[in-house]
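The values are calculated or read from the model by the stated rules, or taken from the named source; none is laboratory data. Source: prediction; values computed, not measured. So basically every Cβ, Gly included, is an ideal-geometry build from the backbone, and we count neighbours across all protein chains shown.
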Amino acid sequence: MSDTDAWGRICTDMKSTIGKEAYQSWIDPLALHKIEQGIAHFAAPTSFIGRWVDRNYGERIRSSFAREGYSVTRLDFSVSPAARKAATPAGQRSAPLNAPSAKTTATAHAAEEELPGSPLDPRFTFDSFVVGKPNELAHAAARRVAEGGEVAFNPLVLYGGVGLGKTHLMHAIAWKLQQDNPGFRVLYLSAEQFMYRFVQALRFRDTISFKQMFRSVDVLMVDDVQFIAGKDSTQEEFFHTFNALIDQNKQVIISADRAPGEIDGMEDRIKSRLQWGLVADIHPTDYELRLGILQAKLDAQRAQHPNVTIDPKVIDFLAHRISSNVRVLEGALTRLYAFASLVGRHIDLDMTHECLTDLLRASERKVTIEEIMRKVAEYYHLRMNDLMSARRARVVARPRQVAMYLAKTLTSKSLPEIGRKFGGRDHTTVIHAVKRVEELKQTDSQIADDVELLRRMLEA
Ligand code: ADP
Ligand code: MG
């Protein structure tokens with residue numbers, strides 16, 4: 001009976017106990033080298049796999065060895081990129097494996113060093129990402145890249161304002177790639193960290209290993225790349241790393257807070273290279289998406305605070321009023337639930353105003369009624385005076401109603417105030433206009449588009 005026979009039986013056993021998928025990801029890539037003085041020496045394709053197996057299956061493996069009559073107190077993993085290929089199906093390992101130990105091969109060792117990435121947030125997955133019109137393209141592109149396989153677009157550039165889900169999507173890609181391809185070297189880091197590493201490498205005159213490390217990854221993700229604008233030597237290094245990876249057909253994913261072409265202080269050659277792949281923008285959230293996100297977050301809050309109830313009007317109110325970014329939106333909900341559960345109250349609009357005064361004030365739109373009237377008039381080829389006039393013709397009346405609706409939803413002005421601005425109308429006229437436009441938005445896609453477009457222009 002040899003060590004490898006025993007290991008073969010343990011493998012067969014584990015395949016049925018931990019499941020075929022987990023087995024293939026973690027156990028199959030291992031090759032047992034020898035058992036010596038209570039230590040089972042394995043070759044693993046990456047140090048990550050070794051650590052994972054030790055942490056998650058170490059106990060099980062040791063007791064299985066005990067059942068086979070071996071006293072194994074510790075598992076040792078050395079890295080050998082060949083381990084995966086050397087591994088044969090469980091049960092068929094008869095000859096002892098002579099997997100080379102990477103501790104002897106310097107390049108493999110350098111490549112297997114801990115990647116200096118940023119930690120991934122476990123909450124940022126595709127499952128928790130709510131898709132709507134504003135982020136549809138970015139999401140689809142991220143999904144496609146996360147499938148791995150043929151490199152479809154390189155680089156993938158995701159850009160958009162603060163808090164719109166760029167980092168969330170990047171982490172989701174990284175999670176998925178790592179999950180589907182254990183041993184895959186996915187490096188995610190902020191541009192700031194990239195620079196920090198580079199500056200350190202310069203300081204310690206160790207740019208060679210910096211270069212090697214970055215060029216050895218399978219997927220590189222750099223978040224908030226606008227940070228390196230104006231930082232010349234970092235840009236230079238970034239450019240070379242970037243080119244080297246793209247030339248090797250390795251996936252590169254970049255995010256920025258604006259379109260690559262609009263990043264001041266970014267070298268032109270980088271701007272143009274970034275545009276070679278797919279540039280997907282994430283638009284500001286619209287009301288529907290915010291509603292969807294709130295619904296999703298609501299489930300989590302409900303689970304955490306089962307005794308707290310919430311008036312559905314509050315959700316609608318938040319979706320209307322907090323348009324700045326998703327982080328703020330989430331924060332608002334979290335705060336409401338924390339407050340309600342603390343004081344044992346139902347969440348209604350009163351409490352919302354009370355509890356979120358600062359947030360609501362900060363996200364108060366700076367749009368004025370005059371601006372709204374000007375934009376609406378321009379959009380429908382009318383004069384501002386038409387909107388204030390008493391004319392009732394549809395060509396004037398409809399835009400006027402749209403303008404009133406926008407004034408009500410985009411400003412915090414009261415109904416009488418709005419009425420006054422529109423040629424001294426009564427507040428009931430404004431209520432009627434708001435209702436009418438709300439109905440039309442459901443039935444008339446032209447109106448719905450007009451309103452959405454105007455809202456975007458006004459909020460920009
Ligand atoms: P960015 O990197 O674009 O500034 P983040 O990815 O950090 O934004 O997103 C900010 C917060 O909003 C995170 O908590 C994220 O989970 C959440 N978020 C953003 N977009 C969505 C979405 N479409 N669905 C669910 N959560 C989202
Ligand atoms: Mg971010």
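Among the criteria (1) of a type in the set (Lys, Arg); (2) at pLDDT 90 or above; (3) away from ligand 1 (no atom under 16 Å from the Cβ), the one Arg203 does not fulfil is (2). Of note, Val130 satisfies the criterion of being within 16 Å of ligand 1 (Cβ to nearest atom) and in a loop (DSSP other than H, G, I, E, B). Every listed requirement among (1) more than 16 Å from ligand 1 (Cβ to nearest atom); (2) not assigned by TED's automatic domain parsing to the domain that holds Met170 is met by Arg269 save one, (2).
Here's the yes/no breakdown for (1) touching a residue at least 60 places away in the same chain (Cβ under 8 Å); (2) within 18 Å of Glu459 (Cβ to Cβ); (3) surrounded by 13 or more Cβ atoms within 10 Å (Cβ to Cβ):
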residue	(1), (2), (3)
Leu387	no, no, yes
Ala393	no, no, no
Lys413	no, yes, yes
Gly423	no, no, yes
Glu439	no, no, no
Gln442	no, no, no
Gln446	no, no, no
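Looking only at residues of segment 209-260 that are of a type outside the set (A, V, I, L, M, F, W, C) and within 16 Å of ligand 1 (Cβ to nearest atom), we find that the one that is surrounded by the most Cβ atoms within 10 Å (Cβ to Cβ) is Ser255. The residues listed here are Phe204, Phe184; of these, the one that is farther than 30 Å from Pro284 by Cβ, away from ligand 2 (no atom under 13 Å from the Cβ) and free of Cβ contacts under 8 Å to residues at least 12 places away in the same chain is Phe204.
Yes or no: Arg123 within 16 Å of ligand 2 (Cβ to nearest atom), basic (Lys, Arg) and modelled with pLDDT of 90 or more? Yes; evaluated as a whole, the condition is true for this residue.
Just one of the numbered conditions (1) of a type outside the set (Lys, Arg); (2) surrounded by fewer than 19 Cβ atoms within 10 Å (Cβ to Cβ); (3) within 16 Å of ligand 2 (Cβ to nearest atom); (4) under 30 Å from Gly292 (Cβ atoms) is not true of Leu156: (2). Taken together, the residues in segment 1-50 that are part of a loop (DSSP other than H, G, I, E, B) and under 37 Å from the mean Cα position of the chain (by Cα) amount to 6.
Annotation: of all residues in segment 294-318 being within 13 Å of ligand 1 (Cβ to nearest atom) and either within 12 Å of Leu359 (Cα to Cα) or not charged (D, E, K, R) (or both), the one that is surrounded by the most Cβ atoms within 10 Å (Cβ to Cβ) is Leu294. Pairs meeting the criteria (first residue in segment 321-347 and within 15 Å of ligand 2 (Cβ to nearest atom), second residue among the hydroxyl-bearing types (Ser, Thr, Tyr), beta carbons under 7 Å, at least 6 apart or on different chains) are Ser324/Ser363; Val326/Thr285; Val328/Ser363. Counting only helices (runs of 4 or more DSSP H) wholly contained in segment 250-362, the ones carrying 2 or more residues that are modelled with pLDDT of 90 or more and closer than 25 Å to Glu438 by Cα occupy 287-304, 312-321, 326-343, 349-355.
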